[in-house]
Amino acid sequence: MKDIFRILIAPLVWFASFSAVYGLHGLLCGHEVSGVVLGLPLERAYLVAAYVCAIAVQVVLIVALYSSRLASPSPFVRFVSHATGWVGLIATIWSLVPVVFTTYCG
Amino acid sequence: MNALERHRKLTTIWASEKGFKGWFSTVNHTDLGRMFLVTAFFFFIIGGLLAMLIRVQLATPHSAFAGPEIYNQIFTMHGTIMMFLFAIPTFEGLAIYLLPKILGTRDLAFPRLTAYGYWCYAFGGSMMLVAMVFGIAPNGGWFMYPPLSSAIYSPGINTDFWLIGITFVEISAIAAAVEITVSILKYRAPGMSLDKMPIFAWYALITALMILTGFPPLILGSVLLEVERAFGFPFFQADLGGDSLLWQHLFWLFGHPEVYIIFLPAAGVISTILPVMCRTTLLGYGWIVAAALALAFLSFGLWVHHMFTTGIPHMGLAFFSAASTLVAVPTGVQIFAWIGTMWKGRPELRLPMLHLLGFFFTFVIGGLTGVMVAVVPFDWQAHDTAFITAHLHYVLFGGFVFPIFAGIYYWLPHVTGRRRFFRLGELAFALVFIGFHVTFLAMHWVGLLGQRRRIPTYAPEDGWTAINLISSVGSFVLAIGIGMILIDVILHVLTASRGRRNPWGAGTLEWAMPTPPLAYNFASLPHITSRDPLVDEPDLAVQLARGEGYLGTPRNTWRETLTVDIASGKPDMHVIYPSNTRLPILMSAVTGVFFVSLLLKFYWTVPVAVIGVALLVWRWVWGLGRGADLAPLSIGHGITLPNAGMTDRSPGWWGSVFLLTANATFFGSLLFGFAFLWTVAPGWPPPVWFDPSMTELGAGLSGAIIGPIAMRLAKSVNGKGRNSVTGATMALFGAILIGVACAAMMWRTPSPVDHAYGATLFVLGSYGLFHACLAMLMTSFLIARIVRGFTSAVRRAEFSIIGLWVDYTSVIGVLVLLAAHLPGVLQ
Ligand code: HEM
Ligand SMILES: [Cu+2]
């Protein structure tokens, strides 16, 4: 079960963060949010912050999956979990990148 | 004991009843796999005939062949039958037939559940056929969008047939998915660690997990829409706080993964057959596993690309457009692994290989048009035109039907034990290939010229006449080709020339047995040391028949097998299967009474059916127990294992884990729906909020705390060999508290027909109440078991299983009650 978990965790977290950011976007647009942080409109700042968090979590996962303490004893499971770890990271970076440049709520 | 005696003894233990009576009582995976496949192909023929009717209608402008009302039914039923009654059941049938054989064991994890699933499929499918015969078939298109499918615009019974019939069929998909998951994880030959699993098992495992998480949103959507139609709860009505877009989200949350649920098993077939056809091994096994996993996950992040034209904000579109382009990567990895396999080997153009080439050519084109429509501006142009239907057939026919034809020709000698005698297949392939491309290339083209999908007719001035005629001619060539394949297969089954064992020289275990296969698969179970056991050990079949593997000596009248540790493949439990019984067909018939009563609005028979199912479930599970402890049993080669009923992680526990996974997805989708309506739907806030009550909330929460603690107590007391009735009774009491709190919530919720808020709370409450009743039933069952002496410090499996359900009930109970009471408390 632990090995299955190692294989599934990164993409699962991707799915969770993808849905969360999509939901956050919906929430921000549903409720009037206004203000400026660091020269960014508040909505954009929230979204970018969420994006950065999502990436950070994936990076932590990759490090964990490679660490000798947490990695699987089976070389095959190690290989697959590293691959799915990278899938999680790349998918997070790529699928959420619109928060940086597209218009929101329009 | 010599091989023949062993065979006789095993056959008396494992055989199904003789003759057609055996169909109704069999629980054997070979029988049921074949029944699934035959039924699925029956539906393929029906769906194909409907496709012919579509092409007849569209062949000429102003066609008078069918009126719009009938035409709507024809294309809706074509899509519905192909997706739900052909594609998914074909996967289930193939997996059910093949998995135990390819994994080196004797049957699937829950044989009676296999049978129950089959009968739900057969009965649910028949409901759809009945609707068609009477001309009252569903007519809202295969994705049934409200408001078109709501009671106002579709008042007849047509839509109810879809919502209720398909939900009935989905029971079989969920049952099969639980079964397949547990079987692959636990029911393997000793030594078969995860990296030695045949690649088909990986694909089947991933597909099954996707069914468990992909189907619940659709089931939820169907339940909500049916409740709206029957009782007027306005989930999808914008003027009453609902939102018809909620349906689209729920549907496509299922619908896009569905496409990969159809493709992945086919990819499993390809990855199995291709290396054999090329006389080599699969290139990049680990990469393929990782790519399939990636594909499965990414496919859950794409659903909104079916909704690009619904006015979703730009950023939302961009997320899903980006994710949609991303799936091309893992698909590409698989394609390259297959091309590399061909490169590395020596491809031989035998019949299955022809169909694989047909797959490559077609699927790559389908993938490319898929990337085209993932680009939002292009999709705005092509949406709802024949271009889309053409694209989806390239993917579905190319990605599923061609590989399945390859699979049929590859495994037919296994099913029949015969050799193909007539050579119709090659010609049939040519006709199918040419016919398919003529039909659907033409449809791409006419789609770009502006022909919309689902139109019953068009005018000569549109300039689509010639192309449509070409397409229709192509489809008849295709139909003749498929007809010839059918004849070829029937001739194969009827001609009596015996084939030799393992005609393709394959390396996987399903060929290490006599064909047609025996009821018990293997006289003894192999020990696996590599991915292609038959390559290392060409006469493995003979050794197994001589009883040199595990469990080679039949014991009592037990149908025995063993399970293994998931990762390492070390044997860990001994299992005794139930034998032939009519209980599954009976239970699915009673389940059918439930669905038909809903359909015909005979509400007084609904509770009768529910109680009937509960009684049958009770009987079903009761039969599994033992009155006395079993000492650990020898499986040969000096290994002894505890029986599954004497462990904490029994097959029933694993089955519950995955059933609860599906259940949790259902509940999660319901919460998503609630949040979606709350934030997105117009018509909020609701006119009245739920009036919170500290008493009810407190009662429910204490029930949720008592239940899990009491179950843990019961388990530990039982482990010390003492009487655990007190703990179980306390758990029962906890479930009653949750039930009462949920019932009170349903009673007091603001009128569910006036606003979607009240409607959603009502459904949440009934979900909680349903699970509380389930937990009451289970804890009562446990009490009965303890009192009747079916449990002991050793016989403890049921405590863990029921504990799991009690925990689940408590968690969802808390969430349900908080969802209702919290907003009021906070205000
Ligand atoms: C046997 C050859 C087949 C032919 C000639 C064919 C033909 C067609 C045509 C012409 C349509 C468009 C109807 C319209 O828009 O008015 C259609 C729709 C559809 N087909 Fe097929 N088809 C075939 C096989 C399949 C298969 C194997 C599948 C799935 C596994 C499938 C799934 C669908 C679906 C989902 C739709 C959409 C139905 C809707 O719009 O509600 N078809 N088919
Ligand atoms: Cu899609």
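The values are calculated or read from the model by the stated rules, or taken from the named source; none is laboratory data. Since the structure is predicted, the reported quantities are computational estimates derived from the model, not experimental observations. Note: ideal-geometry Cβ built from the backbone for every residue, glycine included; neighbour counts use all protein chains shown. Accessible surface is based on the protein model in full, side chains and every heavy atom, while ligands, DNA and RNA are left aside. Shrake-Rupley method; radii C 1.70, N 1.55, O 1.52, S 1.80 Å.
Give the residues of region B:443-467 that are near ligand 1 (Cβ under 10 Å from one of its atoms) and either within 16 Å of B:Ile388 (Cα to Cα) or open to solvent by less than 20 Å² (accessible area, probe 1.4 Å) (or both), sorted by residue number.
Within region B:443-467, B:Met443, B:Gly447, B:Gln451, B:Arg452, B:Arg453, B:Arg454, B:Ile455 qualify.
Here's a check for you: in region B:628-642, which residue that is touching a residue at least 12 places away in the same chain (Cβ under 8 Å) and assigned to a strand (DSSP E or B) is most open to solvent (accessible area, probe 1.4 Å)?
Across region B:628-642, the extreme among qualifying residues is B:Ile639.
B:Ala318: open to solvent by less than 10 Å² (accessible area, probe 1.4 Å) and out of contact with any Leu (no Cβ under 7 Å at 6 or more places or on another chain), yes or no?
Considered against the rule, which asks whether it is open to solvent by less than 10 Å² (accessible area, probe 1.4 Å) and out of contact with any Leu (no Cβ under 7 Å at 6 or more places or on another chain), B:Ala318 comes out as no.
Scanning for something away from ligand 1 (no atom under 15 Å from the Cβ) and surrounded by 21 or more Cβ atoms within 10 Å (Cβ to Cβ), does region B:131-142 turn up at least one residue?
Yes: one or more hits.
Just for region B:287-308: of the residues that are within 12 Å of ligand 2 (Cβ to nearest atom) and assigned to a helix (DSSP H, G or I), which one is surrounded by the most Cβ atoms within 10 Å (Cβ to Cβ)?
It comes out as B:Leu298.
Examine region B:511-532 for a residue that is more than 28 Å from the chain's Cα centre (by Cα), of a type in the set (A, V, I, L, M) and open to solvent by 20 Å² or more (accessible area, probe 1.4 Å), and state whether such a residue exists.
For region B:511-532, residues more than 28 Å from the chain's Cα centre (by Cα), of a type in the set (A, V, I, L, M) and open to solvent by 20 Å² or more (accessible area, probe 1.4 Å): absent.
Right, B:Gly425: open to solvent by less than 20 Å² (accessible area, probe 1.4 Å) and either free of Cβ contacts under 8 Å to residues at least 12 places away in the same chain or within 12 Å of ligand 1 (Cβ to nearest atom) (or both) or not?
No.
So which residues in region A:73-98 are facing chain B (nearest Cβ under 7 Å), among the hydrophobic types (A, V, I, L, M, F, W, C) and either open to solvent by less than 10 Å² (accessible area, probe 1.4 Å) or part of a helix (DSSP H, G or I) (or both)?
A:Phe76, A:Val77, A:Phe79, A:Val80, A:Ala83, A:Val87, A:Ala91, A:Trp94, A:Leu96
For the subset of region B:612-627 comprising residues that are open to solvent by 40 Å² or more (accessible area, probe 1.4 Å) and within 25 Å of the chain's Cα centre (by Cα), which member is farthest from B:Gly655 (Cα to Cα)?
Checked region B:612-627; the qualifying residue farthest from B:Gly655 (Cα to Cα) is B:Trp618.
Residue by residue through region A:15-43, note down the ones that are out of contact with any Cys (no Cβ under 6 Å at 6 or more places or on another chain) and within 7 Å of chain B (Cβ to nearest Cβ).
Scanning region A:15-43 gives A:Phe15, A:Phe18, A:Tyr22, A:His25, A:Gly26, A:Leu27, A:Gly30.
Just one of B:Leu10, B:Leu37, B:Leu58 is touching a residue at least 24 places away in the same chain (Cβ under 8 Å), open to solvent by less than 20 Å² (accessible area, probe 1.4 Å), under 28 Å from B:Phe405 (Cβ atoms) and more than 16 Å from ligand 2 (Cβ to nearest atom); which is it?
After ruling out the rest, the residue left standing is B:Leu58.
Would you be able to say whether some residue in region B:286-297 is out of contact with any helix residue (DSSP H, G or I) (no Cβ under 6 Å at 6 or more places or on another chain) and β-branched (Val, Ile, Thr)?
No, every residue in region B:286-297 fails to be out of contact with any helix residue (DSSP H, G or I) (no Cβ under 6 Å at 6 or more places or on another chain) and β-branched (Val, Ile, Thr).
Of the conditions (1) within 16 Å of ligand 1 (Cβ to nearest atom); (2) out of contact with any helix residue (DSSP H, G or I) (no Cβ under 9 Å at 6 or more places or on another chain), B:His306 fails just one. Which one is it?
Going through the list (1) within 16 Å of ligand 1 (Cβ to nearest atom); (2) out of contact with any helix residue (DSSP H, G or I) (no Cβ under 9 Å at 6 or more places or on another chain), B:His306 breaks only (2).
Helices (runs of 4 or more DSSP H) wholly in region B:376-449 with at least 2 residues that are farther than 30 Å from B:Leu99 by Cβ - which ones?
B:376-382, B:386-396, B:424-448
Quick check, is B:Gly332 in contact with a Leu (Cβ under 6 Å, 6 or more places away or on another chain), more than 12 Å from chain A (Cβ to nearest Cβ) and open to solvent by 10 Å² or more (accessible area, probe 1.4 Å)?
In short, no.
Looking at region B:226-251 only, could you name the residues that are within 16 Å of ligand 1 (Cβ to nearest atom) and open to solvent by less than 10 Å² (accessible area, probe 1.4 Å)?
Within region B:226-251, B:Trp247, B:Phe251 qualify.
Select from region B:143-159 the residues that are of a type in the set (Val, Ile, Thr) and open to solvent by 10 Å² or more (accessible area, probe 1.4 Å) and list them in ascending order.
B:Ile152, B:Ile157
I'd like to verify a number: residues in region B:230-266 that are within 14 Å of chain A (Cβ to nearest Cβ) and either within 11 Å of ligand 2 (Cβ to nearest atom) or in contact with a strand residue (DSSP E or B) (Cβ under 6 Å, 6 or more places away or on another chain) (or both), how many?
5
Being away from every other protein chain (no Cβ under 14 Å) and either surrounded by 18 or more Cβ atoms within 10 Å (Cβ to Cβ) or assigned to a helix (DSSP H, G or I) (or both) is the filter here; which residues of region A:63-72 pass it?
A:Val63, A:Ala64, A:Tyr66
Being open to solvent by 50 Å² or more (accessible area, probe 1.4 Å), under 33 Å from the mean Cα position of the chain (by Cα) and of a type in the set (A, V, I, L, M), is that true of even one residue in region B:791-808?
no
Which of the residues that make up region B:230-274 are β-branched (Val, Ile, Thr) and farther than 22 Å from B:Glu170 by Cα?
B:Val269, B:Ile270, B:Thr272, B:Ile273
Quick check on my filter: what residues within region B:303-360 are modelled with pLDDT of 90 or more and on the phi > 0 side of the Ramachandran plot?
None - no residue of region B:303-360 is modelled with pLDDT of 90 or more and on the phi > 0 side of the Ramachandran plot, so the list stays empty.
Just to be sure I understand, how many residues within region B:533-552 are surrounded by 15 or more Cβ atoms within 10 Å (Cβ to Cβ) and assigned to a loop (DSSP other than H, G, I, E, B)?
Of the residues in region B:533-552, 7 are surrounded by 15 or more Cβ atoms within 10 Å (Cβ to Cβ) and assigned to a loop (DSSP other than H, G, I, E, B).
Kindly indicate whether any position in region B:808-825 is outside any helix (DSSP H, G or I), modelled with pLDDT under 95 and not acidic (Asp, Glu).
no
Return a yes/no flag: does region B:381-393 have any residue that is surrounded by fewer than 16 Cβ atoms within 10 Å (Cβ to Cβ), away from ligand 2 (no atom under 16 Å from the Cβ) and more than 20 Å from B:Thr331 (Cα to Cα).
Yes, region B:381-393 contains a residue that is surrounded by fewer than 16 Cβ atoms within 10 Å (Cβ to Cβ), away from ligand 2 (no atom under 16 Å from the Cβ) and more than 20 Å from B:Thr331 (Cα to Cα).
Take B:Gly367 and decide whether it is more than 14 Å from chain A (Cβ to nearest Cβ), among the small types (Gly, Ala, Ser), away from ligand 1 (no atom under 12 Å from the Cβ) and closer than 18 Å to B:Phe91 by Cβ.
Taking the combined requirement at face value, the residue does not satisfy it.
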